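Following: one structure in structure tokens, then a few remarks.
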Amino acid sequence: MRAWSADAPAHAPPRELTDNPEAWPEQPSTDVAAEAVRHIARKVTRVLDDRGLSLRATAAGSGVNRQAVADLLAGRSWPDVATVARLAHFTGAHLWPDITSIDRKRTH
């Protein structure tokens, strides 16, 4: 897995900070921020699948733009705190990863 470095493009999406971006969100990252986004994307995906919610219904219920939700789930964007808070409120799920869920030995 690629570790974050000062040489990494600041604009690289989270999925690009894994060894296999096509395997997002199952492919772990050594970048702590990308790993947090991966955790959030996996959790939101699971909740939406479990409840049979579409991106359109999620956008309407959460107030988050449908494309923003799609980009988060696909690892194409870095969600802001407001986006995560709105999705957490809508889903009723704890989305932010616990510190213990990110392997500190692999990240900065």
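The values are calculated or read from the model by the stated rules, or taken from the named source; none is laboratory data. Predicted, not measured: the structure shown is a model, and the values here were computed from it. Using ideal geometry, Cβ is built from the backbone for each residue, glycine included, and neighbour counts are taken over all protein chains shown. Only protein heavy atoms, including side chains, enter the accessible area calculation; ligands, DNA and RNA are left aside. Shrake-Rupley method; radii C 1.70, N 1.55, O 1.52, S 1.80 Å.
Once the C-beta distance of Arg46 and Trp78 is scaled by a Förster radius of 22 Å, the resulting FRET efficiency is 0.60 to the nearest 0.05. Rounded if a/c is under 1.5, else prolate if a/b beats b/c, else oblate: with a ≥ b ≥ c from the C-alpha gyration tensor eigenvalues square-rooted, which is region 37-78? Oblate shape, in that a/c is at least 1.5 and b/c is the bigger or equal ratio. The phi torsions of region 44-50, fed into the Karplus equation with coefficients 6.51, -1.76 and 1.60 and a -60° offset, translate into couplings of 4, 4, 4, 5, 5, 4, 4 Hz, rounded to whole numbers, with Gly and Pro shown as x. Ranked from largest to smallest solvent-accessible area, with a 1.4 Å probe on the protein heavy atoms, Trp96, Trp78, Trp24 come out as Trp96, Trp78, Trp24. Of the trypsin sites (Lys or Arg not before Pro) found in region 19-50, none is in coil by DSSP with at most 11 other Cβ atoms within 10 Å of its Cβ.
The residues of region 27-87 expose on average 47 square angstrom of accessible surface per residue, using a 1.4 Å probe on protein heavy atoms.
Across the options Ser29, His11, Ala60, the greatest Cα extent toward the positive end of the charge dipole of region 5-76 (unit charges at beta carbon of Lys, Arg, Asp, Glu) belongs to Ala60.
Taking all protein chains as shown and a probe of 1.4 angstrom, Glu22 keeps an accessible surface of around 150 Å². Counting only heavy atoms of the protein chains and using a 1.4 Å probe, Leu53 has close to 50 Å² of accessible surface.
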